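Note sheet for the following structure.
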Amino acid sequence: MMVRVLGPFGRNPFWWYVLSFVTVLPWVGQAVVEGQATILVWWSLTLALYRSQRGKEISGGAALACAGLLKIFPLALLVYFAWKRRWRSLMAAMTGLLVGGLVLPAFVYGWEQNITYWRGWVAAVMQPFVGVRISDPQSKIDHRVLSPRRSHNQALYAVLWRLGAREQARFTAAIVGLAMALAMFVAARRLVPEQDLVIAAAWLAWIVVIAPVSHFHYHVLVLLPMTVLAYLALVKTDSRLTATARAALAVYVMANTSTLAFNSMQYIGLLCWTTLGLWALLLFVVVRLAAHPAAEDYECSETNIGENHMQKQAANLDNPKLSVFLA
């Protein structure tokens, strides 16, 4: 998928795959151990982006609906589809959500019971998201999953709450999220359609940071941004992008290790701040590609120049006069 977006890799892609996956391996492992659905969400999101990028908008929207039925935060990509004017993907996703969330469960539970379940979900999950306290004191969802006190929660809102900005945390996180979204919209205006997945990678990093809940296993979604950085680190697009991508990969791996090793790093939200920096770097990549559209083809152009030069030399050697001159 990223080869189609960023250009030919020009070598065995084994190390590209390994480098991308190793960076998020701790979060994949945790998702597997805890039996989380985040990996399925990741596959659905990847399928949605890939199919939509290839023009298969109906199947792309259906894949996004599957991801949204498992976890609510992937539905932020509906804004991405609307912004790209992929109306068929948008309508397919909305239809899939209605069918999967209302119609099919009604055949099993009945319409009234299904509505009751949805009301309970809104009360237990959505209301705490917007700051409304749940009325059921027996519910443990808010304490065990949604509470910003848990150091495993690396969402920006939770980190700001733990660092002391309890009254302003929700408002500050919302303002930062809106500013980040606006920056992505502005930066991507000059990006060619074939490179849309680069801004989609930045969008996934935005989701991980701005979502009200962002436990460790949610960072499986960073695999796509890591794939972009691994490409830039291994393929010499230009010296600045290559050096920056290599440094970013090293910093992210060290942040992962420190987060797992030290509770204090979890408390201050080291993973949150690192992912925020990753988002900023991806935005820089978007701006760089828009300003230098030929940068991603740098290595391929060098290879072609070298091949053409060798062909010319071979042709010259066939000419006796030029052969004597070259000798």
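Tabulated data for the structure shown
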| read-out | value |
| --- | --- |
| Integer Hz, Karplus 6.51/-1.76/1.60 couplings in order for region 41-51, x for Gly and Pro | 4, 4, 4, 5, 5, 4, 4, 4, 5, 5, 5 |
| Highest-first arrangement of 40-52, 255-267, where packing means the average Cβ count within 10 Å | 40-52, 255-267 |
| Fully extended contour minus Cα-Cα distance, from Arg166 to Glu34, at 0.36 nm per residue | 44.6 nm |
| Rg(Cα)/(2.2 N^0.38 Å) for region 53-96, N = residue count | 0.99 |
| Segments 268-279, 218-229 sorted - mean Cβ within 10 Å per residue, highest first | 218-229, 268-279 |
| Added length on full extension, which subtracts the Cα-Cα distance from 0.36 nm per residue, Ala291 to Val103 | 62.9 nm |
| 10 Å-binned pair-distance histogram of region 171-245 (Cα, whole percent) | 17, 41, 35, 7, 0 |
| Kirkwood estimate for region 209-298, i.e. one over the average of 1/r between Cα atoms, Å | 14.0 |
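None of the figures in this text is laboratory data; all of them are computed from the coordinates on show. Worth saying up front: this structure is predicted, and the values here are computed from it rather than measured. Reconstructed Cβ throughout: ideal geometry from the backbone, glycine too, with neighbour counts over all protein chains shown.
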